[in-house]
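The values are calculated or read from the model by the stated rules, or taken from the named source; none is laboratory data. As the structure is a prediction and not an experimental result, all values here were calculated from the model. Counting neighbours? That spans all protein chains shown, and the Cβs are built from the backbone with ideal geometry, glycine included.
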Amino acid sequence: MKNEFVLAFNEVLDDKQLPREVVMEALEAAMISAYRKAVNASNAQQVVAKIDPETGKVLIYAEKEVVEEVQDDRTEVSLEEARKVDPEAEIGSMVLVETTPRNFGRVAAQTARQVIQQRIREAEREAQFKHFSSQVGEIVNGIIQAINPSHITIGLDKKAEGIMPRKEQIAGERFRVHDRIRALLLDVKQTPRGPQITLSRAHRDFLRRLLEDEVPEIFHGLVEIRSIAREPGHRSKVAVSALQPGIDPVGACVGVRGVRIQAIVRELNDEKIDVIEWNPDPVDYIAKALSPARVVGVFLDEHTKSTKTATVVVPEDQLSLAIGRDGQNARLAAKLTGWRIDIKSLPEAAADAVHKLQTDPAYAEVAEREGEMVPQVEAILTKKTEGRPITPEEYQVLSRFVNRTERMVIEQREAEKQAERERLEAIRASIPKIAFETPLDELGISVRHVILLSGEGYPTVGDLLYQMAIDSDAILAINGMGPKAMADLDAAIEKFLASIEEAAAEEAAEEEIPEAAAEMVVDAAGETEETAAPVQAAEAISEGTLQEAVAGEAGEPPAEDETQAEAEETGESVEEAGEQPATEEAEDDAGSTTPQKDWFTLESALDVSVTNVDEGEEEQEGKKKKKRKKRYVEMEYDPDRDVTVIKRKRKRASKDEWLEDWDEDWDY
């Protein structure tokens, strides 16, 4: 036969639905509290309680100091008793000694009763809070325990209670005590009296969870619920889309003969549910959202500063169906799509279009295009006003007129929007890029203004310049920015832009460095390197220069016609051009025809960029080059003769190089 403690312990576990360890910890804490109260022990003293789960026997261990002579048995123990527990105990050490009172069982039961109940109650509340916190947004089952005018009390698992406020109930539903009910767990809050659980049957997520339970395609992720608009107890609209090809999302939700959707309708107290297919195109999406009404056209206006507006034109006989009872259908469609929907009948839309064409300046361009159709449309509208019948062809004329007019206006607005985007892009492009990299504190304005402007979204100088170019009044409207601050800001911006222009001018001047003429350098080994500026040298050497150089090196004078051409280029006479002597040096015993020159050119302070010319790999050999009218002249100092000579480039018959003529007339 089981011990009474074991039976009572198991009964508590079943009743409170708590883990075994939680109840055992509560009992041990109660025993410790009862011991402290019974012996008047200090809270600083360590006390440990151990309960045998089989017999229910309680043992209390208290920490005591080892002394030679015991004066207070509540806090002291002799060395002999201490070594029974700890053989290594010494005088002055602390040991845990078993000190259970003789009549502790009945005293503990009387004293620890409230402590046990409080601990178990706290553990029960904590377990309830953790359990229901993990189920927020899910459907839970419960039994109605009480019905009040303000809310319904529902009993849940773990002996918890939830409430369903009146606003979270479906209008028209009637319940009785002990009825089973399904509801959405909306919220859980921790309070001193335990967790407060709020349930709802009117929330749109309740419909979402019901669809997930009834439609396997939604539960497995083949069909997705895009949006839900709901008026509890009356009507709901659900937009669904298929995530895999070949699946009909609307058919999957409705089921065969509507068996799936009907089960949800019965759960929601016969609430009507419209399931439509979601479409990324707002025009088609809005047209389907207004089902079961038939739509003639949907015209979007995304350029308004307020909510995006969609004008929907429907046939005259579909107007009441599109709006719905008390505007319910249009209201749900607006919630479902996120657009403000303006519904008009076809004659009303045509009359509005004619009025705008005649009075609104924004429709002036459209009025010129549709001027011929306006009298015909007015005649049809007059027949409608007089109550005469309108043929289907005339309805088609009205429909095409409204469609063309609205489309033209939409295109015109789009063109204006594109022009505005281009204007803003041009403004941004006109601002130097370095301005967007410069922090605002480097502009030279006060720290207070830097903080104000940075807080309004202008962290860099470029952002500030961009806003001032668009609308400087937006900067002036900032709290703390007055006319004087704007004047200081304008002055700082002018100084900043001037510094940027000055830096750009200096950089451009450094880039416009003239390229030097070609020059020849002889290394220590006697090998000749030909260097020339990339542009001037290539243009200075005309056709046949290399061949003339070879001929001149062999001692042949230049041809007369070539001398005449050179003289015409430089503006000199043939006699003056022919009087310039050539300076050559012949190779020694090797018989090489490559001349060696050793001279020093007086260059200007500007940098000279040169390009090595590799003889034998001339790619443009034999091609004609454009002649230049400007002749390059170089000056050179001869230290042996102590004179400065002028070096001119001449055409020669040599193919590999050119020879220089020397003027020794200038003596310094």
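Collect the residues in region 361-372 that are farther than 14 Å from Q412 by Cα and either of a type outside the set (G, A, S) or surrounded by 12 or more Cβ atoms within 10 Å (Cβ to Cβ) (or both), keeping them in residue-number order.
E370, E372
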Task: Yes/no for L336 being buried (at least 21 other Cβ atoms within 10 Å of the Cβ) and within 39 Å of the chain's Cα centre (by Cα) - done: yes
TODO: Working only within region 282-292, note down all residues that are without any contact (Cβ under 8 Å) to a residue 40 or more places away in the chain and more than 17 Å from V250 (Cβ to Cβ).
DONE: V283
Task: region 153-168: number of residues that are in contact (Cβ under 8 Å) with a residue 40 or more places away in the chain and out of contact with any helix residue (DSSP H, G or I) (no Cβ under 8 Å at 6 or more places or on another chain) - done: 1
- [ ] Determine which single condition R226 fails, assuming it passes every other condition in (1) surrounded by fewer than 18 Cβ atoms within 10 Å (Cβ to Cβ); (2) farther than 21 Å from W278 by Cα.
- [x] (2)
Open item on the list: Being touching a residue at least 12 places away in the same chain (Cβ under 8 Å), of a type in the set (A, V, I, L, M, F, W, C) and assigned by TED's automatic domain parsing to the domain that holds Q196 is the requirement here; does I91 meet it?
Closed with: no
TODO: Give the residue that is farthest from the chain's Cα centre (by Cα), with candidates limited to residues of region 184-242 that are among the charged types (D, E, K, R) and part of a strand (DSSP E or B).
DONE: R235
Open item on the list: Given (1) over 30 Å from L185 (Cβ atoms); (2) exposed (fewer than 14 other Cβ atoms within 10 Å of the Cβ); (3) of a type outside the set (A, V, I, L, M, F, W, C), identify the lone condition not met by E65.
Closed with: (2)
Open item on the list: Regarding region 376-390, can at least one residue be identified that is within 14 Å of M408 (Cα to Cα) and surrounded by 12 or more Cβ atoms within 10 Å (Cβ to Cβ)?
Closed with: no
Open item on the list: I'm checking my understanding of the structure. Among residues of region 377-429 that are among the β-branched types (V, I, T) and under 34 Å from the mean Cα position of the chain (by Cα), which one is modelled with the highest pLDDT?
Closed with: I427
TODO: Would you be able to tell me the number of residues in region 432-457 that are among the β-branched types (V, I, T), in contact (Cβ under 8 Å) with a residue 12 or more places away in the chain and out of contact with any strand residue (DSSP E or B) (no Cβ under 7 Å at 6 or more places or on another chain)?
DONE: 2
